[in-house]
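Taken together, the values in this text are just the output of simple stated rules run on the coordinates, not laboratory data. Predicted model only: the values in this text are computed from it and were never measured. FYI the Cβ positions are ideal-geometry reconstructions off the backbone, even for glycines, and counts take in every protein chain you see.
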Amino acid sequence: MPPISSTPLDLFFRSFPRLMLVLCAMAGTGAQAADPGLTLQSLKEATDMVWVIAAGALVFFMQAGFAFLESGMARAKNTVNVIMKNYCDMCFGAVAYWLIGYGLMFGANASGWLGTSGFALHRVPESQYGSLFFQMMFAATSATIVSGAIAERTRFSAYIVGSVFITAIIYPVFGSWAWGGLYGGEGWLKKLGFIDFAGSSVVHAVGGWAALAALISVGPRLGRFAPDGQARHIQGHNLTLVAMGAFILWIGWFGFNAGSTGAAAVGIGKIALNTHMGGAAGALGAMAMLVLMRRKVLMTSTLNGSIAGLVGITAGCHVMEPAFALLTGAVAGALSVIAAETLVAMKIDDVVGAVSVHVVGGVWGTLAAGLFNADDMFNPAQLGVQALGCLAAFVWAFGASMLMYWLINKVVPLRASTLDEQRGLDFSEHHEVGYPEFQADAVHRGVQRA
Amino acid sequence: MEAVTWALTAYLEPPQARQAAALWQRPASTDASSVLVGLSRYCRQIAQQFDLQGREAELHLRIIRALQAQSRAQPPNDPFARQAVDAPVSSPLESSSATLMQRFLLAIEQHVAQEARPLYSPQRWRQSLIQDGRKVPPVAMQQACDWLWGRTSALHGDWPARGAGTRLINAAYVTMAEWLGPVRADACFTQIVREFEQSRDPALTNIRSYL
């Protein structure tokens with residue numbers, strides 16, 4: 001949590017509960033005295049909880065952003081499938097995280113490697129439920145990063161199994177290293193002084209590494225690369241949806257970062273500003289890189305640049321000054337363009353650019369948090385800790401995900417059949433089509449039977 | 001001449017086929033493009049004279065196939081190749097499903113030939129299609145190979161929807177997606193199906209049930 005400075009606004013916030021108490025007392029008649037249990041502390045806690053829940057709702061809304069962005073980047077015949085994956089990430093993820101994930105991540109962590117309490121949270125002080133709610137949204141965000149990467153050719157059931165494992169185990173284990181110890185103990189990375197305020201590594205890089213493992217396991221879409229190795233562009237079916245998704249993600253990011261304070265503190269102003277600067281600079285960085293590389297300035301690359309900027313600023317938004325937030329975002333955006341081209345050259349078919357945005361943005365952002373910490377600029381020791389955290393995220397998230405997808409593939413084939421790819425996963429997996437009126441003539445699918 | 005006669009027997013009675021084949025004049029140049037241009041002209045002429053309008057592209061592909069089959073003993077990389085199969089000179093199509101499949105595959109090949117002109121050769125296309133047809137039941141695939149390699153003049157067998165027929169069409173889709181990319185493959189697929197559904201041939205209008 002960032003240090004809270006005493007500004008006039010801060011003073012107002014601090015005196016606000018007292019003012020409310022006085023007003024309550026003045027307004028109260030003889031029969032309606034102020035609740036004797038109501039204290040400044042309880043009002044502060046209540047205000048904090050309101051903010052955390054509101055921020056959690058904003059993070060929840062990011063799922064809609066992902067759904068719009070990813071479905072718009074896919075072909076029309078796979079729209080429903082992409083949206084179902086996003087929706088179910090959240091639904092299955094909520095149960096998995098409540099049952100297992102939260103305990104692994106935030107439970108008593110004596111060893112520094114894993115939480116051992118807080119599973120299926122039940123009958124605990126009410127104040128603890130808010131934290132579970134907020135963190136549950138984070139977990140779903142991490143898992144859903146995979147869905148867009150492997151869109152249009154992945155079997156739904158196999159995907160969901162993977163998503164549940166990410167939410168229940170892969171994400172929480174790394175989370176316990178970096179953030180763990182809410183109920184005692186401390187994660188080993190946290191002990192070393194690892195800085196990742198809202199999850200550039202914990203949420204985004206972990207999700208991105210899992211996405212890379214999934215991409216390698218499932219292979220490219222049919223015909224994405226010609227037999228001679230030439231990449232073929234497969235245009236998304238609705239770029240308006242993509243833009244809408246990016247806007248929603250951006251809005252949600254204010255909750256993602258500013259909500260990570262866990263309190264309605266005055267510091268959320270700087271965090272929100274830095275978040276915004278990071279996103280804006282990410283788009284500018286991506287555009288600049290496209291121009292430098294003599295590429296067309298595409299909207300999709302620009303939007304991905306801004307998301308990479310948002311990912312990048314997530315780790316250090318509480319400790320950076322706005323100028324460095326801008327620099328962090330710009331570099332993340334520029335790197336996302338280079339990474340996207342590199343992946344294509346390696347014949348990795350990432351439909352939405354999840355790896356280039358979340359892995360590259362996440363790793364860079366984590367390093368930048370160590371470099372541009374306003375209180376400790378360019379500290380090589382801190383940079384070393386940050387690099388160690390990035391390496392740990394890669395080894396754990398990528399390695400565990402590769403193993404997981406290999407095991408899943410043994411039981412349920414991860415890859416949809418060529419017939420399903422021909423028909424579109426909307427029809428073959430969900431028996432619905434995204435745009436029935438417009439797709440009446442869609443002939444790559446059979447006759448739908450009631 | 002023999003190959004052309006054999007190719008035409010799928011469309012014409014034997015006397016007519018011989019008469020039509022007599023009109024074939026091999027171009028003086030052996031250059032492939034000259035042969036193709038001459039063949040296109042010949043197909044248009046045959047179609048007009050023998051009431052085969054609209055089937056010029058099919059004729060074109062069938063004659064190319066017959067000419068190639070004549071000059072080759074055994075197709076390479078054909079897992080279904082038999083030791084010795086005599087191509088019947090005239091064999092009527094066994095079922096409407098076989099007609100549908102044959103026409104659909106020819107239509108796809110025609111699109112590929114147009115859109116992947118530098119890469120396309122009938123032999124390469126057939127090899128790709130056979131490789132992608134691994135999920136087609138072996139007996140059915142054997143019949144498809146016999147036709148693809150010109151050992152039979154028409155596709156034989158029963159090709160039920162949601163069975164071998166659907167599998168073979170999917171194999172053709174996969175091959176087309178690899179050759180043209182998935183976006184063009186979808187577009188070509190859509191166009192072919194629309195044309196089939198709008199055709200007056202009752203054997204073709206049922207195409208959607210095969211997808």
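Go through A:Thr116, A:Gly180, A:Leu241 and say which Cα lies farthest out towards the positive end of the charge dipole of region A:52-430; charges sit on Cβ, +1 for Lys and Arg, -1 for Asp and Glu. So the residue furthest toward the plus end is A:Leu241.
In the protein assembly as shown, a dipole from Cβ-located charges (positive for Lys and Arg, negative for Asp and Glu) runs towards its positive end, and of A:Val80, A:Ala213, B:Val136 it is B:Val136 whose Cα lies farthest in that direction. For chain A, what relative contact order do you get, as a whole percent, if you take Cα pairs closer than 8 Å and at least 6 residues apart? Across chain A, relative contact order equals 22 percent. Across all Cα atoms of the protein assembly as shown, the radius of gyration (one decimal) and Dmax (whole number) stand at 31.7, 117 Å. For every other residue with a beta carbon closer than 13 angstrom to the beta carbon of A:Lys347, add +1 if it is Lys or Arg and -1 if Asp or Glu, then tell me the sum. So the environment of A:Lys347 carries a net charge of -1. Among the listed pairs A:Lys44/A:Lys190; A:Lys190/A:Lys410; A:Lys410/B:Lys135; A:Lys85/A:Lys410; A:Lys85/A:Lys190; A:Lys44/A:Lys270, a Cα-Cα separation exceeding 25 Å is found for A:Lys44/A:Lys190; A:Lys190/A:Lys410; A:Lys85/A:Lys190.
Distance between the C-alpha centres of region A:230-294 and region A:112-147: 25 Å, rounded to the whole angstrom.
Only one residue of A:Val359, A:Gln382, A:Phe256 has its Cα farthest out toward the positive end of the dipole of chain A, where Lys and Arg carry +1 and Asp and Glu -1 on Cβ, and that residue is A:Val359.
For chain A, the longest principal axis of the Cα atoms and the long axis of helix A:40-73 meet at an angle of about 10 degrees.
Among B:Trp149, A:Trp177, A:Trp406, which comes first, then next, by fewest other beta-carbon atoms within 10 Å?
Starting with the residue having the fewest Cβ neighbours, the order is A:Trp406, B:Trp149, A:Trp177.
Spin-label pair A:Val95-A:Gln41: with each label point 7 Å from Cα along the Cα-Cβ axis, the two points sit 3.9 nm from one another.
Computed from Cα atoms, the angle from the helix A:322-345 axis to the main principal axis of chain A rounds to 20 degrees. Each principal axis of region A:52-430 carries a Cα extent, and these read 53, 47, 33 Å when sorted largest first.
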